[in-house]
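Below is one structure, written out as structure tokens; comments come after it.
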Amino acid sequence: MTVALLVGLMAFSGRAQVTRFDRALWLQDYATLKQALEKSYSNLAWFASPEGGVDLPALDRRTLTALQSAQSDDEARSVLLSFVTSFHDGHFSPLPSVAPVAAAHARPDTPAYSRQDAAGGCAALGFSFEGTAAFSTPFESQRGFHLLADGLTQPFRAGELTAGDTPVKIGIVRIHDFESTQPSLCLEVWPQDNVWDAQGNLRRGVLQDEVEARWYQALATLLRTFRTDGVAAVLVDVGNNPGGDDSGDIAARLFTARPLRSSPLWMSQDQTASTPYFDEQLTDLHDALGRDPASQNLVNQSFTVFTAQKDALTKNVCPMDWVWRERRAWAQQPCRRLTEAGSAGGPLAYLAPGTVANPDVAQALHWPALIQPLWGTWTGSLYVLTNSHTYSAAEMFAAVLQNNQAAKIIGERTGGDGCGFMNTPDPVVLPNSHLRFRVPNCVRIRADSTDEVAGVTPDIPILPTQGENPRWRAIRLLGALSADLERRGPPSSQDR
């Protein structure tokens with residue numbers, strides 16, 4: 001036997017050993033994944049209930065049977081991925097594989113931002129247009145549509161038209177995501193003096209705050225235009241909106257004069273995953289102490305409540321392994337492995353305007369206080385357009401308005417991602433396959449006490465029909481909106 005042939009056989013043998021299928025290791029990975037879900041997955045108790053729509057005992061049996069039948073690593077990997085997608089929770093999802101760290105790398109240099117290069121600086125900071133500016137339904141194709149803003153050179157696409165065969169004018173604004181990362185806003189803010197320090201260095205935090213403020217101001221400006229133009233109702237298009245950040249809850253206040261209570265927030269009873277969120281809120285509340293003597297009692301009360309809620313992470317921690325054996329009703333379920341954590345709007349679900357004079361203290365208690373002067377910019381009839389690709393923070397936007405009876409949802413049921421992450425918990429990494437998964441650590445609770453991950457059901461369903469021209473769908477939608485407006489009659493005093 002030649003040396004070359006011997007080396008080749010040894011190499012082949014080594015590869016065969018590396019890639020040899022071992023079912024026991026995959027079964028071990030599956031057991032690890034289930035244990036991680038029992039410990040950390042905030043939506044597990046919901047999906048373990050009949051209301052959750054996933055028969056976990058049956059799913060577990062199918063997964064075990066499929067792993068026992070798998071004949072290769074690829075087949076076993078597909079089985080585990082299928083298990084995860086069966087939850088229909090976009091936040092519970094696989095992450096890309098990562099290569100092992102070979103050696104320490106030098107810290108990347110901080111870019112040298114130039115006041116004269118706004119386009120390059122904004123690009124380097126990650127300001128980019130994601131998603132699509134177009135309406136999720138082609139309202140532009142309707143007779144009499146007038147475009148007010150294109151959503152490209154301006155943050156939001158908006159227009160006005162008459163609904164159906166009536167002279168009723170509707171204002172439509174598209175929110176394509178809930179993140180203030182539009183390049184147009186960064187380019188506006190970049191030259192401002194307060195964005196640069198005396199040495200000519202970029203103040204990134206100030207830049208981001210200014211961009212965020214302009215995002216809300218741009219929405220408010222459109223709503224004022226609608227009022228000036230005498231529109232009868234506003235339709236907010238969040239179809240195909242993938243979500244974003246807490247602006248999904250905050251921005252809702254611009255569209256109604258009604259007091260909006262943010263959804264109750266629950267966190268996974270996993271200390272590692274959830275403690276950083278509690279610590280962040282307690283730090284902000286501690287910093288707020290003493291800054292406004294008139295509101296000190298309110299801040300102290302919130303600090304005490306949040307401290308107790310953090311302590312609850314370690315108390316009455318129940319085992320969740322029952323979810324693979326039986327289904328238990330959500331409402332009567334004493335074991336959810338969740339703990340209360342204030343609201344989706346911060347420690348307080350609502351803070352009446354004028355309650356706290358110091359704006360920083362008010363924001364520490366209730367995040368929407370950030371834009372309190374803009375609350376109720378629009379006070380008339382309100383509709384929110386959703387579809388099956390409305391997710392996450394966009395669901396939060398629709399839900400808080402529906403929960404508080406401030407808007408009617410029109411269109412399709414949302415995609416059902418609900419709350420994802422209130423901080424950045426480490427992913428679950430399986431020991432043998434090294435598959436990595438994001439596992440959500442928060443839950444937003446609807447007014448009917450259900451988990452928002454179930455999706456937001458429209459008040460006025462407008463479901464797509466097979467082969468329907470999108471223009472005809474727009475006509476159906478506007479006709480349904482017009483008919484609902486006619487049934488409702490003049491706005492109530494609460495909506496003026």
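A few comments on the model shown:
- Condition met for Asp448 (part of a loop (DSSP other than H, G, I, E, B), free of Cβ contacts under 8 Å to residues at least 60 places away in the same chain and of a type in the set (D, E, K, R)): yes
- Look at region 377-390: where a residue is over 10 Å from Asn240 (Cβ atoms) and a partner is charged (D, E, K, R) and in a loop (DSSP other than H, G, I, E, B), sitting 6+ places away or on another chain with Cβ atoms under 8 Å, you get Thr379/Arg496; Gly380/Arg496.
- Test: residue in region 70-79 that is outside any loop (DSSP other than H, G, I, E, B), out of contact with any helix residue (DSSP H, G or I) (no Cβ under 8 Å at 6 or more places or on another chain) and within 21 Å of Asp451 (Cα to Cα): no
- Some residue of region 244-254 being buried (at least 22 other Cβ atoms within 10 Å of the Cβ) and either in contact with a His (Cβ under 8 Å, 6 or more places away or on another chain) or of a type in the set (Asp, Glu) (or both): yes
- Total residues in region 125-159, condition outside any loop (DSSP other than H, G, I, E, B) and in contact with a Phe, Trp or Tyr (Cβ under 7 Å, 6 or more places away or on another chain): 4
- Residue identified as within 25 Å of the chain's Cα centre (by Cα) and of a type in the set (Asp, Glu) among Asp311, Asp279: Asp279
- Qualifying residue in region 191-212 (condition: within 24 Å of Glu395 (Cα to Cα) and touching a helix residue (DSSP H, G or I) at 6+ places or on another chain (Cβ under 7 Å)): yes
- Among the candidates Ala45, Ala31, residue that is assigned to a helix (DSSP H, G or I) and without any contact (Cβ under 8 Å) to a residue 24 or more places away in the chain: Ala31
- In this structure, Glu38 does not satisfy being surrounded by fewer than 17 Cβ atoms within 10 Å (Cβ to Cβ) and either modelled with pLDDT of 95 or more or not in a loop (DSSP other than H, G, I, E, B) (or both).
- Residue list for region 392-440, restricted to those being among the hydroxyl-bearing types (Ser, Thr, Tyr) and either in contact with a strand residue (DSSP E or B) (Cβ under 8 Å, 6 or more places away or on another chain) or modelled with pLDDT of 95 or more (or both): Ser392, Thr414, Ser433
- Selection within region 345-374: residues that are in a helix (DSSP H, G or I) and aliphatic (A, V, I, L, M). The member of this set that is surrounded by the fewest Cβ atoms within 10 Å (Cβ to Cβ) is Leu374.
The values are calculated or read from the model by the stated rules, or taken from the named source; none is laboratory data. Because the structure is predicted, anything quoted here is derived from the model rather than measured. Every residue, glycine among them, receives a Cβ derived from its backbone with ideal geometry; neighbour counts consider all protein chains shown.
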